[in-house]
1. Could I have the simple spin-label model distance between S220 and K248, label points 7 Å from Cα toward Cβ, reported in nm to one decimal?
2. Apply the Karplus curve 6.51 cos²θ - 1.76 cosθ + 1.60, θ = phi - 60°, to the phi angles in the range 319-325 and return the couplings in whole Hz, x for Gly and Pro.
3. Amide H neighbours of F338 under 5 Å, counting only residues 5+ apart in sequence or on other chains, H built in-plane at 1.01 Å?
4. Any chance you could run the full-extension gain for R370 through E396? It's 0.36 nm times the residue separation minus the Cα-Cα distance, nm to one decimal.
5. Show me the ranking of peptides 293-301, 380-388 by mean Cβ neighbours inside 10 Å, starting with the highest.
6. Considering amide H positions built from the backbone, and no H for Pro or chain starts, which residues 5 or more places from F260, or on another chain, come under 5 Å of its amide H?
7. Around T195, which amide H atoms from residues at least 5 apart in sequence, or from another chain, sit under 5 Å from its own amide H, with H modelled in the peptide plane?
Amino acid sequence: MAFWSSTWVFTSKVPRKILFMFTLSLSVTYLFYSLMSCYGSLRFPLQENYVYQGRLVTEEATSATLREKLYSSTSQGFSDEDATERPPRAFSTSREDAGLEGTGTRPEPTEPGRARRGFSTTDSDPRGAPNCTSDYGEKKLPQAIIIGVKKGGTRALLEALRVHPDVRAVGNEPHFFDRNYERGLEWYRDLMPSTLEGQITMEKTPSYFVTNNAPKRIHSMSKDIKLIIVVRNPVTRAISDYTQTLSKKPEIPTFEVLAFKNRTLGLIDASWSALRIGIYALHLESWMQYFPLSQMHFVSGERLIVDPAGEMAKVQDFLGLKRIVTDKHFYFNKTKGFPCLKKPEDSSTPRCLGKSKGRTHPKIDPDVIRRLHKFYKPFNMMFYQMTGQNFQWELEESKESLSIRD
Ligand SMILES: Nc1ncnc2c1ncn2[C@@H]1O[C@H](COP(=O)(O)OS(=O)(=O)O)[C@@H](OP(=O)(O)O)[C@H]1O
C-alpha cells in the first residue's frame with residue numbers, strides 16, 4: 001500500500017513539476033539543436049566574416065576550415081591553356097583544366113553572364129560547396145590583375161592568393177582585354193565573384209602582358225588598378241611554352257627547328273611567340289606608357305617555386321593585404337616536385353597543381369640554349385633596369401654551362 005501511495009505521489013504532485021521541467025528542458029534542447037543545424041545552412045556573411053577574421057589571427061588551426069568555406073565559390077572552373085581552343089562562352093569547370101589535381105566530374109558548361117556561384121568542381125571539393133559569402137556582397141570589377149606572363153607560374157600564384165580571405169578571384173581566365181573586349185564591362189563584371197567590403201576582386205589572364213591594346217583598355221577601366229607580372233627565365237619559359245604546345249600537337253617540329261630562322265647563320269626567330277613573349281622589356285614598355293611602376297609588382301617565377309611564402313609576403317604587401325598566406329600554408333611535395341598548398345583538415349582534395357603544371361621538358365640542344373641566353377641577355381638587362389630588380393637569370397645560365405662542361 002505504501003508502495004502504491006508513494007507511486008501515486010510520484011505520478012501526481014511532485015512528478016508534475018518534474019515532468020514539466022523535463023519536457024521544458026527537452027524542448028529547449030531540441031530548439032537549440034534545430035537552430036544549430038539551421039545555422040549551418042543559413043548564411044550570415046558579415047557575422048561569419050567577422051568571426052572568421054577574428055579567429056584567423058588567433059586560431060591558425062581552425063582557420064583552414066573556415067578559409068575553405070570562405071573561398072569556396074571562387075572555384076568556378078578554370079582553364080589556363082584550353083581557353084584558346086574553346087568558345088569563350090563555354091567555361092571549363094573541371095579541376096583538371098584548373099591545373100588542380102584530383103579527378104572531377106564536369107558540370108554543364110555555364111554561361112559566364114549567368115550566376116555561376118557555388119557550383120562544385122568535384123563532389124568532394126570543399127571549394128565547390130555552397131559558400132557563406134558567395135551570394136553576398138557585390139560583383140566588382142577587379143582591383144588587381146595578374147597580367148602575365150604565360151608559363152611564368154601565374155596559376156600557382158593565383159591559387160595561393162585565393163587562400164587569403166580578403167581575395168576573391170575568378171578561377172577561369174576571362175581573356176576580356178584581349179579576346180572578349182567587345183562583350184563590354186558589364187559582361188566582365190558579371191564574371192567576377194561577389195565580394196564583401198574589404199575584399200579584393202582579382203583575375204588572371206597571362207596573355208594580357210603581350211596584348212598591344214591591353215594596357216590602354218585596362219587603364220580606361222581603372223587608372224588605379226594593381227598589376228602583377230610573374231616572370232621567369234625567358235629561355236625556360238619558352239621551353240615550357242613549347243612543351244605545352246607539344247603535349248597537344250605532338251607532330252610539331254622540334255624546339256631547335258622552330259627557334260631559328262636560319263640556324264647556320266644563328267638567326268633566331270623572334271617572331272615565334274614562344275620566344276617573343278620572353279622579350280619582357282619590349283612588352284613592359286607599352287605598360288609603362290599607361291601605368292607607373294608603383295602600380296606593378298613583379299614576381300620571380302623561380303622564387304615562387306623555391307620560396308613561395310617569401311614571394312607571397314611581397315605580393316600581399318603590394319596588394320595592401322595582411323600577411324596571412326605564409327610558410328604554414330605550403331609544403332614541398334616530392335612526387336610533384338613543387339610546393340603545394342597544405343591540405344585543409346576537412347578535405348581529401350589534393351592541393352597541388354595538376355598535370356599541366358610542372359611538365360617534364362624535352363631535352364633541348366645545349367648549344368641552342370646557350371644561343372638563346374645570349375639573345376635574351378640585353379633584353380633581360382634592360383628589363384632589370386626598367387623594373388629595378390635583378391632576376392639573376394644569367395646566374396642560371398652560368399650554372400647550366402658549368403654543369404654541361406662537367
Ligand atoms: N607550385 C607549383 N606547382 C606547379 N607548377 C608551378 C608551381 N609554381 C610554379 N610553377 C610553374 O608554373 C608553370 C606554369 O605557369 P602558368 O601557371 O603561368 O601557366 S599558364 O600560362 O597559365 O598556362 C609551370 O611550368 P612548367 O614546369 O614548365 O610546366 C611550373 O614550373
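Laboratory data are not the source of any read-out in this text; all were calculated from the coordinates shown. A quick note: this is a predicted structure, and the numbers were derived from the prediction, not measured. For neighbour counting, all protein chains shown are included, and Cβ atoms are generated from backbone atoms with ideal geometry for every residue, glycine included.
1. My value for the distance between the label points is 2.8 nm.
2. Along the range 319-325, the couplings run 7, x, 9, 5, 6, 9, 7 Hz.
3. It is N333, by chain and number.
4. In short, 8.2 nm is gained.
5. 293-301, 380-388
6. D269
7. E138, K139, K140
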